[in-house]
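Before any comments, here is the structure.
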């Protein structure tokens with residue numbers, strides 16, 4: 001298992017990072033946008049089988065950036081990174097993740113449930 005931080009700033013409190021990456025009127029500032037876009041490039045190169053966004057603030061940014069469509073019939077969001085469609089679990093979806101992984105993680109095709 002690997003992880004990629006979507007913002008490259010070590011801080012234990014979410015409240016301390018938000019002012020560093022957002023504009024007062026809302027949305028990401030240039031620093032936050034550039035960091036997030038770099039992370040998206042890393043994700044694309046990594047070709048993850050699933051994406052788990054565990055932080056509530058970052059989950060909102062991720063959802064807005066990718067303009068995530070409504071949940072599918074299985075209760076999932078999907079993003080396309082490069083040519084791969086990847087399931088996304090946001091911080092509020094951990095119960096769905098617990099149910100989804102046993103069904104799809106052992107998929108012998110190696111697609112991890114990707115249609």
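Some observations on this one:
- Qualifying residue in the range 30-52 (condition: touching a strand residue (DSSP E or B) at 6+ places or on another chain (Cβ under 9 Å), more than 13 Å from residue 79 (Cβ to Cβ) and part of a loop (DSSP other than H, G, I, E, B)): no
- Output for the range 16-43, where each listed residue is within 19 Å of the chain's Cα centre (by Cα) and within 16 Å of residue 56 (Cβ to Cβ): 17, 18, 21, 22, 28, 32, 36
- When 54, 59 are checked against the criterion of being surrounded by fewer than 12 Cβ atoms within 10 Å (Cβ to Cβ), closer than 17 Å to residue 4 by Cβ and modelled with pLDDT under 90, a single residue qualifies: 54.
- Matching entry among 11, 37, 25 (being farther than 18 Å from residue 66 by Cα and either surrounded by 11 or more Cβ atoms within 10 Å (Cβ to Cβ) or touching a residue at least 24 places away in the same chain (Cβ under 8 Å) (or both)): 11
- In the range 62-92, residue farthest from residue 23 (Cα to Cα) [restricted to those that are at pLDDT 85 or above and assigned to a loop (DSSP other than H, G, I, E, B)]: 83
The values are calculated or read from the model by the stated rules, or taken from the named source; none is laboratory data. This is a predicted model, so every value here is computed, not measured. Don't worry about glycine lacking a Cβ; one is built from the backbone with ideal geometry, like all the others, and counts go over all protein chains shown.
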